Amino acid sequence: MSVLSAIYLSNEFAMLVKMLTSIVAGGVVGLERYQNGHPAGVRTFAIIALTSTILTASLTQGMFGQLMGQGDMGASRVIQGILQGIGFIGAGVIVRDGVSIKGLTSAASIWAVAAVGVLIGSSEYFLALSGTVLTVLILVAFRKIDALTTRRSFAIIEANFAKGSVPGEQQIFERFTSYGFNVTSIAFKGAKSGSMQVRVHVWTLGNAAAARSHLAMEFLNDPTIAEFSVEPVRE
């Protein structure tokens with residue numbers, strides 16, 4: 001047996017192939033996230049996939065496999081540990097931006113990449129490849145489907161009215177309806193000075209950005225409104 005053949009058949013070479021494969025798989029998913037400006041990028045996803053692969057593949061040999069317990073029990077412990085770690089990382093990419101929550105898709109992608117890493121470490125290459133392709137397909141193709149789909153766009157609008165100029169709830173409802181909004185709730189917050197803050201939750205279909213811009217210009221030219229904000233609610 002030649003030296004090259006011995007290297008090819010060695011456990012170390014098999015481990016190297018698994019690690020390189022997991023880096024590529026994680027990097028592909030991370031590239032899609034990075035190109036679209038989402039939390040976590042190529043390096044993060046590649047490291048997550050690599051770590052999952054190393055921990056899973058190490059069960060079959062060496063001291064790590066002996067400590068964790070080879071077989072179903074050891075695999076169960078390692079996978080549980082990987083999922084716990086992914087939970088912390090996923091929570092780190094989910095952020096609250098005002099009334100919006102961002103990073104849920106990136107957190108789900110991290111979960112998928114960790115699963116792909118486990119499959120590669122278990123030598124389930126077909127499932128790992130299928131999972132990687134389907135994950136990227138969901139991220140890319142479904143974004144285009146979302147862009148073609150008309151859906152509700154939500155916003156929270158706040159306006160501070162001067163003393164003696166606060167409209168009634170029915171007037172507020174009719175005013176927002178005339179702008180093309182559907183009102184879901186109206187709340188009032190007043191001060192002893194007589195000023196009043198009105199907080200309205202609305203939604204609209206179609207060109208929501210144009211409707212919000214039109215509303216902002218109307219409020220800007222309204223002398224009864226001292227201050228206002230129009231904040232879209234993103235997913």
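Taken together, the values in this text are just the output of simple stated rules run on the coordinates, not laboratory data. What you see is a predicted model; the values in this text were computed from it and never measured. Ideal geometry is used to build each Cβ from the backbone, glycine not excepted, and the neighbour counts take in all protein chains shown.
One Cα centroid belongs to segment 206-222, the other to segment 115-139; the line between them spans 46 Å. Bridgeable lysines around residue 189 (alpha carbons under 26 Å apart, same-chain partners fewer than 8 residues away excluded): 163.
Pull out the extension gain between residue 174 and residue 207, defined as 0.36 nm times the separation in residues minus the alpha carbon to alpha carbon distance; nm, one decimal.
Using 0.36 nm per residue and subtracting the Cα-Cα distance, I get 9.9 nm.
Counting other Cβ atoms within 10 Å as a rough exposure proxy, the listed residues 133, 93 run 133, 93 from fewest neighbours to most.
Listing 21, 53 from the residue with the fewest other Cβ atoms within 10 Å to the one with the most, what is the order?
Numbers: 21 21, 53 28.
The fewest-first ordering by Cβ neighbours comes to 21, 53.
How far is it, in nm, from the label point at residue 129 to the one at residue 187 when both lie 7 Å from their Cα along the line to the Cβ? Spacing of the two 7 Å Cα→Cβ label points: 5.4 nm. Phi angles of segment 169-174 translate, via the Karplus equation with coefficients 6.51, -1.76, 1.60 and θ = phi - 60°, into HN-Hα couplings of 4, 5, 5, 4, 4, 5 Hz per residue; Gly and Pro are given as x.
Give, as a single signed number, the net charge of other residues whose beta carbon lies under 15 Å from the beta carbon of residue 225, with Lys and Arg counted +1 and Asp and Glu -1.
Details: positive: 163, 175, 189, 199; negative: 158, 218, 222, 227.
Net local charge, residue 225 excluded: 0.
Simple point charges give the picture: +1 on the Cβ of Lys and Arg, -1 on the Cβ of Asp and Glu, and for segment 112-235 a dipole about the Cα centre of about 80 debye.
Which parts of segment 101-133 would a label at residue 95 reach, counting a residue when its backbone N lies under 13 Å from a point 7 Å out along Cα-to-Cβ? So the set is 101-104. Pairs of Cα atoms in segment 153-233 fall into 5 Å distance bins, from 0 up to the last occupied one, in shares of 3, 15, 29, 27, 16, 6, 2, 0, 0 percent.
Ordered by the count of other Cβ atoms within 10 Å of each Cβ, fewest first, 29, 24, 166, 113 give 24, 166, 29, 113.
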